[in-house]
Amino acid sequence: MGKPTGFIEFGRELPAKRSVEERRLDYKEIEPLGTEDSSKNQAARCMDCGIPFCHNGCPLGNIIPEFNDAVYEGNWEYAYQILSSTNNFPEFTGRICPAPCEASCVLGINKPPVAIEFIEKSIIETAYEKGLVQPRIPNVRTGKKVAVVGSGPAGMAAAAQLNYAGHTVTLFERADQIGGLLRYGIPDFKLDKYVIDRRIKVMEEEGVTFKTNTHIGVDISADELLKEFDAIVLTIGSTEPRSIQIPGWLTYLGKGIYPAMEFLSQQNKRVAGIDRIADHRGDKYQNGEILATDKNVVVIGGGDTGSDCVGTSNRHKATTVTQVEVMPSPKYDDKKQPFYTVRDESTPWPLWPLTKRTSTSHEEGCERFWSIAVQEFVGDGQKLTGLRIADITGERITDDGRKVSITENERVVPCDLALIAAGFLHPQQGLIEQFGLETDFRKNIKATESSYKTSLDKVFAAGDCRRGQSLVVWAISEGREAARKVDEFLMGESFLEAKEVGIFNPAFAQA
């Protein structure tokens, strides 16, 4: 590497976040860009470790030590070529990826790991600033037409790769703007939407056609799509939210109980100045305007979506914000005991560590409870006023063999707004049924990782609708890999980059 002693000379340092007091007043991104010197210093910490486990930690197979070295040398063009050879959208992953690569960093065994996500963001933002991000326009068109249904990160990645292979690609989206959950799920304070718009402009210049407000299966039937296109890639996400079927659910659904994603998508539209026409799935809002202002908010679910609800509720100036999680609290807290100082025995290095994670939203104000059983939604019959909860202290087996929780300390906590952030079950089934596709036991589209082909000829599936709810970085990986399989299906072979090859070809990156 460029500086063999860099990991000794420099500590892990990230740009200071905007203060809590300032950022709670707006929806601007919390984390500013770093300086060129800070990026170089952090890149210098990358060791000549022999076997870079960070490669395996990254679902995209990013070639991390090489682009770190290029950044240290100040060769931003080469760093961008390396990064973009495996990742279509580093501006997304550099902002919202949990960075499993860092958890696998060899330096992270006993020191703070290399700040890979920060370096990745620095590379792509510098590339845009220096005019290095240029449209990749194919030299020859194949004459083949491909439809991609769903414009989240998997669909955008598949469309970009297939277009680069020379096919004529149309990307369909039933919502009013491109981006899927990037657009209407991730808050602007984590991902400013100009970042998506900037990339869409590049893709349009490359030749990708975007069609919004087009609901496949309603506006255009599955049969019509099959007749018009040589191949179809379904990247429709996993958008069916998990419900909590307990007493009071049906009574107060829409009267204080709402899906988290409807709450988040409405706010993203407010920030964008868009009238509330439809939610993240393209469906019309059924429950009116959802605001947390002056309310006691309880977020049910301890994941990233729940955290996003916390941050948004704080910006709405909620009276109180509480987050409850059914799982027990992890032994180690990332604020007090970072994962590189101690790991849970169940997740040794280089596995993704089991720790209690404190997000920027939690820093802004939130009371968190773990091992909580939500027992009943309480109200006056017209509106929600409280949530009956209890602490889970263990479990027992019933006479019929079921596991049930043992609880104590039952109480009612004030709750005017309950946001259900309990994850997603599977993709909506309408279009899947119209195509007549086979599904797995979870109702995801059945398509193997070796081919991404569904049970119907020339129809492929990728992303959350195939593998289940997952990370943005996995969605991009799925879209890229599916595109390669579609290209092979159409042409008999493919020259698109393959993750399994793991070889960077500078000439191909510049083509």
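Within region 127-144, identify whether any single residue is outside the structural domain of Glu228 (by TED's automatic domain parsing) and in contact with a Ser or Thr (Cβ under 6 Å, 6 or more places away or on another chain), and answer yes or no.
no
Let's see how each residue does on (1) under 29 Å from Gly311 (Cα atoms); (2) more than 25 Å from the chain's Cα centre (by Cα); (3) buried (at least 18 other Cβ atoms within 10 Å of the Cβ):
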residue	(1), (2), (3)
Ser19	yes, no, no
Glu22	yes, yes, no
Asn41	no, yes, yes
Gly50	no, yes, no
Leu60	yes, no, yes
Leu83	no, no, yes
Gly94	yes, no, yes
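Check Leu250 against each of (1) touching a helix residue (DSSP H, G or I) at 6+ places or on another chain (Cβ under 8 Å); (2) surrounded by fewer than 16 Cβ atoms within 10 Å (Cβ to Cβ); (3) of a type in the set (A, V, I, L, M, F, W, C) and name the one condition it does not meet.
Against the list (1) touching a helix residue (DSSP H, G or I) at 6+ places or on another chain (Cβ under 8 Å); (2) surrounded by fewer than 16 Cβ atoms within 10 Å (Cβ to Cβ); (3) of a type in the set (A, V, I, L, M, F, W, C), Leu250 comes up short only on (1).
Checking the conditions here, which among Gly306, Gly302 is assigned to a helix (DSSP H, G or I), within 22 Å of Arg368 (Cα to Cα) and in contact with a strand residue (DSSP E or B) (Cβ under 7 Å, 6 or more places away or on another chain)?
From the options Gly306, Gly302, the qualifying one is Gly306.
Take Ile257 and tell me if it is over 24 Å from Val146 (Cβ atoms) and buried (at least 23 other Cβ atoms within 10 Å of the Cβ).
Values: over 24 Å from Val146 (Cβ atoms): yes; buried (at least 23 other Cβ atoms within 10 Å of the Cβ): yes.
Criteria met by Ile257.
Within the group Phe263, Phe210, which residue is in a strand (DSSP E or B) and not assigned by TED's automatic domain parsing to the domain that holds Pro98?
Unique residue meeting the criteria: Phe210.
Just give me the residues in region 344-356 being surrounded by 17 or more Cβ atoms within 10 Å (Cβ to Cβ) and out of contact with any Ser or Thr (no Cβ under 8 Å at 6 or more places or on another chain), in sequence order.
Thr355
Gly365 - would you say it is surrounded by fewer than 17 Cβ atoms within 10 Å (Cβ to Cβ) and modelled with pLDDT of 95 or more? Before the answer, list the steps.
Values: surrounded by fewer than 17 Cβ atoms within 10 Å (Cβ to Cβ): yes; modelled with pLDDT of 95 or more: yes.
Criteria met by Gly365.
So the check is Cβ under 8 Å with 6+ separation or different chains; which pairs have a first residue in region 93-104 that's not assigned by TED's automatic domain parsing to the domain that holds Phe339 and a second one that's among the hydroxyl-bearing types (Ser, Thr, Tyr)?
Within 8 Å, the pairs are Gly94/Ser122.
With surrounded by fewer than 20 Cβ atoms within 10 Å (Cβ to Cβ), aromatic (Phe, Trp, Tyr) and modelled with pLDDT of 95 or more as the only criterion, which of Phe263, Phe210, Phe189, Phe172 stands out?
Being surrounded by fewer than 20 Cβ atoms within 10 Å (Cβ to Cβ), aromatic (Phe, Trp, Tyr) and modelled with pLDDT of 95 or more holds for just one of Phe263, Phe210, Phe189, Phe172, which is Phe210.
Is it fair to say Asn87 is in the same structural domain as Ile124 (by TED's automatic domain parsing), without any contact (Cβ under 8 Å) to a residue 60 or more places away in the chain, crowded, with 23+ Cβ neighbours inside 10 Å and assigned to a loop (DSSP other than H, G, I, E, B)?
Values: in the same structural domain as Ile124 (by TED's automatic domain parsing): yes; without any contact (Cβ under 8 Å) to a residue 60 or more places away in the chain: no; crowded, with 23+ Cβ neighbours inside 10 Å: yes; assigned to a loop (DSSP other than H, G, I, E, B): yes.
Answer is no for this residue.
Do we have Gly179 as more than 21 Å from Leu226 (Cα to Cα) and free of Cβ contacts under 8 Å to residues at least 40 places away in the same chain here?
Here the answer is yes, as Gly179 does meet what is asked.
If I filter region 274-281 for residues that are touching a Lys or Arg at 6+ places or on another chain (Cβ under 6 Å) and outside the structural domain of Gly150 (by TED's automatic domain parsing), do I get at least one hit?
Yes: one or more hits.
Here is a check on your reading of the model: is Ala418 more than 30 Å from Gly256 (Cβ to Cβ) and of a type in the set (A, V, I, L, M)?
no
Can you tell me how many residues in region 140-193 are among the small types (Gly, Ala, Ser), touching a strand residue (DSSP E or B) at 6+ places or on another chain (Cβ under 8 Å) and closer than 13 Å to Asn213 by Cα?
3
Tell me which residues, restricted to region 9-48, are among the β-branched types (Val, Ile, Thr) and outside any helix (DSSP H, G or I).
Just the residues of region 9-48 that are among the β-branched types (Val, Ile, Thr), to begin with: 20, 30, 35.
Ile30, Thr35 - these are the residues of region 9-48 that are among the β-branched types (Val, Ile, Thr) and outside any helix (DSSP H, G or I).
In region 411-458, which residues are basic (Lys, Arg) and assigned by TED's automatic domain parsing to the domain that holds Gln375?
Arg411
Would you point out which residue out of Ser122, Ser221 is in the same structural domain as Asp26 (by TED's automatic domain parsing) and among the hydroxyl-bearing types (Ser, Thr, Tyr)? Reasoning before the result, please.
Details: Ser221 fails: in the same structural domain as Asp26 (by TED's automatic domain parsing).
Matching residue, one of Ser122, Ser221: Ser122.
Answer yes or no: is there a residue in region 277-284 that is more than 25 Å from Ser19 (Cβ to Cβ), of a type in the set (A, V, I, L, M, F, W, C) and at pLDDT 95 or above.
Within region 277-284 (the criterion being more than 25 Å from Ser19 (Cβ to Cβ), of a type in the set (A, V, I, L, M, F, W, C) and at pLDDT 95 or above), the answer is no, since none of the residues qualifies.
May I ask you to list pairs of residues, at least six apart or on different chains, whose Cβ atoms are under 7 Å apart, with the first in region 16-34 being over 20 Å from Ala272 (Cβ atoms) and the second being surrounded by 14 or more Cβ atoms within 10 Å (Cβ to Cβ) and among the aliphatic types (A, V, I, L, M)?
Lys17/Ile30; Arg18/Ile30
The values are calculated or read from the model by the stated rules, or taken from the named source; none is laboratory data. On a predicted model such as this, the values are computed, not experimentally measured, just so you know. Cβ atoms come from the backbone with ideal geometry, glycine included; neighbour counts cover every protein chain shown.
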